[in-house]
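One structure below.
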Ligand code: LAN
């Protein structure tokens with residue numbers, strides 16, 4: 001059973017748990033948007049730097065933001081929304097957010113601290129425990145893969161270990177409930193591979209019970225079709241340090257706490273468990289992507305290879321190659337790494353190699369905090385080091401699209417936002433030999449330091465910059481010469497020769513064959529082995545390139561050709577019902593908005609395009625009685641539209657945007673959606689958090705808290721400008 005949305009009062013207030021004082025938390029940032037929550041103990045310092053409305057907002061404190069004049073018309077409502085949202089912008093020009101959802105990340109950072117004997121700050125311990133208490137399933141006390149999931153072995157085992165390592169006693173009711181559930185599931189032996197790996201590193205599981213992760217594969221010539229340099233970047237970068245840890249059988253020294261944990265997380269005594277028999281024991285509840293026969297065969301062969309065949313020199317060689325690539329990843333990302341998992345794992349590797357006082361490890365230590373986010377529910381670990389560029393791009397686009405960019409009250413907001421995007425553009429390529437493409441001139445999803453560009457992030461940021469720089473009072477910060485390299489990269493990212501010509505994938509062009517999915521070892525995620533063509537990424541690139549096409553003649557013919565080919569791909573991806581499957585947002589409503597926007601940029605609308613018409617009908621059929629749309633995350637898992645129990649402001653905004661861009665003729669349908677969005681707005685202009693908005697790898701949901709602001713604002717603003725701005729109530 002999935003976990004219902006949070007209800008106040010928080011569970012942590014009902015069980016006996018310490019908490020920090022929310023008034024003492026401050027969010028520090030810098031000009032490239034680094035996000036660090038710090039706990040201020042000194043009263044003078046607090047007085048000198050009072051909390052901002054944003055800090056109060058995330059911490060669930062009274063923001064002091066005023067009630068606004070009642071919104072009669074859609075445009076009033078859009079502006080009220082923007083008035084609230086602009087107050088959440090940080091001085092450095094970006095919007096921040098808590099980027100939670102995945103519930104398998106905390107184990108990484110906590111294990112990294114524990115193994116490397118790095119003390120965890122007291123305030124983190126308290127607040128992480130509080131967060132896990134608040135997100136435990138109300139019925140069974142366990143945790144799932146993501147915050148709305150049913151309880152699973154992976155989530156429950158890992159987070160149980162986390163609360164215990166952070167100091168919660170084993171007989172605390174929260175720990176007891178989780179342990180009972182874990183035992184009911186058969187104990188931690190049923191963990192999927194990543195869980196087994198973390199437990200092994202913590203000396204709570206034996207390495208011979210983990211399916212092989214041989215680093216040897218990195219030594220093979222890189223023209224081989226299955227060489228890891230051809231994998232999806234996340235898979236590649238996660239299995240890289242995992243290969244090291246597996247091969248070196250790294251484990252923390254046993255201590256009384258670990259000793260005790262060994263007796264808590266299994267249903268039989270530790271010494272009686274034959275771990276090697278549990279390599280393929282993955283709990284039924286957890287499995288999303290079962291092993292193929294080929295994978296089982298490869299695993300058994302690798303066990304033999306490692307035990308009896310692999311020469312020692314090869315092991316050493318593999319270790320060198322892997323270490324070299326880990327250093328390069330650290331260098332290219334200033335120790336942030338592509339994501340939270342390899343951030344934690346690389347830190348452990350560097351500690352093993354260079355020790356606690358090495359320069360490299362110290363830099364790793366400073367970076368742990370970049371993933372930790374404070375919220376009213378406690379401290380969580382984010383899916384990336386933030387959503388800074390992505391959110392700021394959409395926020396700026398929204399302001400311009402609804403014509404608010406010229407209004408004096410938003411000019412500062414726009415200027416600061418542009419400054420942030422100006423600071424966030426990549427100014428250097430990666431070091432040679434790291435299997436990375438050019439990134440110069442591109443934008444990241446989160447921050448410049450993190451160092452990874454994504455096709456759609458570059459496209460949306462570029463569009464935002466160009467839009468803002470058309471405003472009369474704005475001084476051009478990003479010259480056309482600085483945009484050209486971004487165009488070069490975008491053009492180079494288009495898939496050509498392989499199975500989805502014209503499409504765009506996420507971080508890189510598709511390099512490997514999807515057949516590699518046959519040996520996807522992760523058990524809980526689908527489609528992770530290689531890059532895939534993504535409709536939304538292709539849509540965003542079409543939108544960005546179309547905007548650029550009307551702005552500059554740089555590489556005009558190639559730009560036009562790229563757009564046409566991508567549009568052909570987008571059309572080919574529409575399913576028989578008229579929907580598009582969304583891979584990064586929930587789900588069909590998300591993809592419909594992007595797809596229809598891309599088509600509308602080519603002049604394709606309801607009246608002249610069969611594809612757009614079918615897209616509209618798909619949406620209209622799914623409008624609910626209250627005028628809204630609501631889509632459940634189950635859509636992502638099942639690949640078919642599953643309605644949410646309640647309509648959602650965000651899904652409604654996406655559907656309305658799609659219909660408006662399509663020029664859907666029955667305006668009444670759209671009006672009902674707009675009315676729903678208005679009816680959910682509060683007197684200070686805000687919308688409250690509803691269901692989770694985003695997804696990855698089909699099975700794991702992730703939060704995009706700012707979606708509930710800029711998409712509804714955009715929908716309201718477009719409605720007012722395109723149709724009518726008379727009162728709707
Ligand atoms: C993201 C977040 C952003 C997202 C969009 C830009 C929205 C998308 O259009 C392209 C893909 C991308 C960049 C994306 C890829 C996968 C990420 C990085 C995430 C969903 C955030 C977290 C996730 C990452 C894989 C989580 C760590 C877990 C592992 C399985 C390694």
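The values are calculated or read from the model by the stated rules, or taken from the named source; none is laboratory data. The structure displayed is predicted, hence computed values, not measured ones. Neighbour counts are summed over all protein chains in view; Cβ atoms, including those assigned to glycine, are modelled from backbone coordinates with ideal geometry.
Points worth noting:
- Residue match in region 610-619 (condition: within 13 Å of the ligand (Cβ to nearest atom) and either surrounded by fewer than 22 Cβ atoms within 10 Å (Cβ to Cβ) or more than 30 Å from residue 238 (Cα to Cα) (or both)): no
- When residue 669 is tested against (1) out of contact with any helix residue (DSSP H, G or I) (no Cβ under 9 Å at 6 or more places or on another chain); (2) surrounded by fewer than 19 Cβ atoms within 10 Å (Cβ to Cβ), exactly one condition is not met: (1).
- Counted as qualifying within region 1-94 are the helices (runs of 4 or more DSSP H) with 1 or more residues that are modelled with pLDDT of 95 or more and more than 19 Å from residue 710 (Cα to Cα), namely 43-48, 53-58.
- Summed over region 324-341, residues that are assigned to a loop (DSSP other than H, G, I, E, B), within 16 Å of the ligand (Cβ to nearest atom) and surrounded by fewer than 24 Cβ atoms within 10 Å (Cβ to Cβ) total 1.
- Which listed residue, of 445, 426, is more than 14 Å from the ligand (Cβ to nearest atom) and at pLDDT 95 or above: 426
- Any hit, region 310-323, residues being within 16 Å of the ligand (Cβ to nearest atom), more than 17 Å from the chain's Cα centre (by Cα) and at pLDDT 95 or above: no
- Residue match in region 120-137 (condition: in contact with a helix residue (DSSP H, G or I) (Cβ under 6 Å, 6 or more places away or on another chain), modelled with pLDDT of 95 or more and in a loop (DSSP other than H, G, I, E, B)): yes
- Screening the candidates 344, 252 for the property of being under 29 Å from residue 219 (Cβ atoms) and not in a helix (DSSP H, G or I) yields one hit, 252.
- Test: residue in region 503-524 that is assigned to a loop (DSSP other than H, G, I, E, B), touching a helix residue (DSSP H, G or I) at 6+ places or on another chain (Cβ under 7 Å) and more than 15 Å from the ligand (Cβ to nearest atom): yes
- Annotation note: Cβ proximity below 6 Å between a residue of region 574-586 that is near the ligand (Cβ under 9 Å from one of its atoms) and a residue that is part of a loop (DSSP other than H, G, I, E, B) (sequence gap 6+ or interchain) occurs for 583/534.
- Unique residue being in a helix (DSSP H, G or I) and either in contact with a strand residue (DSSP E or B) (Cβ under 9 Å, 6 or more places away or on another chain) or away from the ligand (no atom under 15 Å from the Cβ) (or both) when the list is 595, 566: 566
- Of all residues making up region 602-626, the number that are more than 30 Å from residue 703 (Cβ to Cβ) and outside any helix (DSSP H, G or I): 8
- Test: residue 77 is more than 16 Å from the ligand (Cβ to nearest atom) and on the phi < 0 side of the Ramachandran plot: yes
- Hits in region 450-471 - residues which are more than 13 Å from the ligand (Cβ to nearest atom) and part of a helix (DSSP H, G or I): 462, 463, 464, 465, 466, 467, 468
- Residue in region 474-482 that is under 23 Å from the mean Cα position of the chain (by Cα), at pLDDT 95 or above and either crowded, with 21+ Cβ neighbours inside 10 Å or over 16 Å from residue 542 (Cα atoms) (or both) present: no
- Answer from 540, 546, 552, 609 - the residue that is within 19 Å of the chain's Cα centre (by Cα) and farther than 30 Å from residue 152 by Cβ: 540
- Against the conditions (1) part of a helix (DSSP H, G or I); (2) in contact with a helix residue (DSSP H, G or I) (Cβ under 7 Å, 6 or more places away or on another chain); (3) more than 16 Å from the ligand (Cβ to nearest atom), residue 434 satisfies every one except (1).
- Residues (under 13 Å from residue 465 (Cα atoms) and surrounded by fewer than 20 Cβ atoms within 10 Å (Cβ to Cβ)) located in region 402-436: 415, 416, 419, 422, 423
- Pair list, Cβ < 7 Å and 6+ apart or interchain, from region 637-653 residues that are under 14 Å from residue 584 (Cα atoms) to residues that are at pLDDT below 95 and not in a helix (DSSP H, G or I): 637/698; 637/699
- Residue check, residue 539 assigned to a helix (DSSP H, G or I) and either within 29 Å of residue 227 (Cα to Cα) or away from the ligand (no atom under 11 Å from the Cβ) (or both): no
Yes/no per residue for (1) surrounded by 14 or more Cβ atoms within 10 Å (Cβ to Cβ); (2) over 28 Å from the mean Cα position of the chain (by Cα); (3) touching a residue at least 40 places away in the same chain (Cβ under 8 Å); (4) within 22 Å of residue 128 (Cβ to Cβ):
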| position | (1), (2), (3), (4) |
| --- | --- |
| 31 | yes, no, yes, no |
| 49 | no, yes, no, no |
| 76 | yes, yes, no, no |
| 81 | yes, no, yes, no |
| 94 | yes, no, yes, no |
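- Considering (1) touching a residue at least 24 places away in the same chain (Cβ under 8 Å); (2) away from the ligand (no atom under 16 Å from the Cβ); (3) surrounded by fewer than 23 Cβ atoms within 10 Å (Cβ to Cβ), the lone condition that residue 487 does not fulfil carries the number (3).
- Some residue of region 391-410 being within 13 Å of the ligand (Cβ to nearest atom) and touching a strand residue (DSSP E or B) at 6+ places or on another chain (Cβ under 9 Å): no
- Taking the conditions (1) in a helix (DSSP H, G or I); (2) free of Cβ contacts under 8 Å to residues at least 60 places away in the same chain in turn, residue 426 satisfies each one other than (1).
- Residue 373 vs. criteria outside any helix (DSSP H, G or I) and surrounded by fewer than 21 Cβ atoms within 10 Å (Cβ to Cβ): no
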